[in-house]
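Working notes for the structure below.
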Amino acid sequence: MTERPALPNTVGLAGTMREFMEWARSEFPEATTLGCHRHLEEELLELGAEIMRRPKEPNGDEALELEAAAWRIRMENELADILALAYHVAMREDLDVVRGLRRKLEINKRRTWRRDGTREK
Ligand SMILES: [Mg+2]
């Protein structure tokens, strides 16, 4: 059996996102929902590009360890861009992301999924 990755650390997510949104609100007063969406599309492509650049397993090689650590930072940064933009859309439209997550969790639990996370048709 393959080892499953640890669940993400979500401690402090709400407070960090609140601070991020306060910054975004003051830094981008003329942002629009559609503009945030377009930016989100770009960030998704950037994440995909990083996934494609995944470095080789270090297997004790120091240079590859450094490369892997740098890649993980770039991945975290891209994921942060995506989360922040999704929250920015929610803030602009006065939407409750947590309520949406709870609703989608219940909907998804009732659906039939393949083991790789894709939906059955
Ligand atoms: Mg980015």
query = Roughly what angle does helix 97-110 make with the longest principal axis of the chain, taking Cα atoms, 0 to 90 degrees, to the nearest 10?
reply = 60 degrees
request  = Calculate one ³J(HN,Hα) per residue across segment 80-90 by plugging θ = phi - 60° into the Karplus curve 6.51 cos²θ - 1.76 cosθ + 1.60, and present them in order as whole Hz with x for glycine and proline.
outcome  = 5, 4, 5, 4, 5, 5, 5, 5, 5, 4, 4
Fewest-first ranking of 46, 27, 19, using other Cβ atoms within 10 Å as the exposure measure = 27, 19, 46
query = Where is the GNM fluctuation largest for the chain (alpha-carbon springs, 10 angstrom cutoff): 99, 74, 18?
reply = 99
remark   = In degrees rounded to 10, the 0-90 angle between helix 13-27 Cα long axis and the longest Cα principal axis of the chain is 60 degrees
query = Using the count of nearby Cβ atoms within 10 Å as a rough guide to exposure, how do 89, 97 rank from fewest to most?
reply = 97, 89
ask   = What residue among 90, 31, 14 shows peak mean-square fluctuation when the chain is described by a Gaussian network model with Cα springs under 10 Å?
value = 14
Rg/Rh for segment 7-89, where both radii come from Cα atoms and Rh is the Kirkwood radius = 1.08
remark   = Relative contact order as a percentage, segment 14-109, C-alpha pairs under 8 Å and 6+ apart, gives 37 percent
message = Which of 25, 110, 38 ends up with the largest GNM mean-square fluctuation for the chain, with Cα atoms connected below 10 Å?
response = 110
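Only the coordinates and a few stated rules stand behind these numbers; no lab work does. All values reported here derive from a predicted model rather than from experimental measurement. Reconstructed Cβ throughout: ideal geometry from the backbone, glycine too, with neighbour counts over all protein chains shown.
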